[in-house]
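S.K.: Okay, handing you the structure first.
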Amino acid sequence: MAYVIDDNCVCCGTCISVCPVEAISEGDTKYNIDPDTCISCGSCAAVCPSDAISEG
């Protein structure tokens, strides 16, 4: 199951640099993960400083 980013996202960009498949993009108020591209590796969740990323 793909990971998702909730409203606790502070748009720091840390998750983008660790995503091996470039599934994360900047949205209007938070970053977004493309569920079709996400390989559920958990790299983004491991580095998120605001704990905004979880398996969805």
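S.K.: For region 20-46, which positions are touching a helix residue (DSSP H, G or I) at 6+ places or on another chain (Cβ under 6 Å) and either more than 17 Å from Asp7 (Cβ to Cβ) or open to solvent by 60 Å² or more (accessible area, probe 1.4 Å) (or both)?
M.R.: Of everything in region 20-46, just one residue is touching a helix residue (DSSP H, G or I) at 6+ places or on another chain (Cβ under 6 Å) and either more than 17 Å from Asp7 (Cβ to Cβ) or open to solvent by 60 Å² or more (accessible area, probe 1.4 Å) (or both), namely Ser43.
S.K.: What's the total number of residues in region 27-36 that are touching a residue at least 24 places away in the same chain (Cβ under 8 Å) and hydroxyl-bearing (Ser, Thr, Tyr)?
M.R.: Residues meeting the conditions: 1.
S.K.: Here's something else I'd like to know. If a residue must be among the aliphatic types (A, V, I, L, M) and under 9 Å from the mean Cα position of the chain (by Cα), how many such residues does region 17-35 contain?
M.R.: The qualifying residues number 3.
The values are calculated or read from the model by the stated rules, or taken from the named source; none is laboratory data. The model shown is predicted, which means the values in this text are computed figures rather than measured ones. Neighbour counts are summed over all protein chains in view; Cβ atoms, including those assigned to glycine, are modelled from backbone coordinates with ideal geometry. Only protein heavy atoms, including side chains, enter the accessible area calculation; ligands, DNA and RNA are left aside. Shrake-Rupley method; radii C 1.70, N 1.55, O 1.52, S 1.80 Å.
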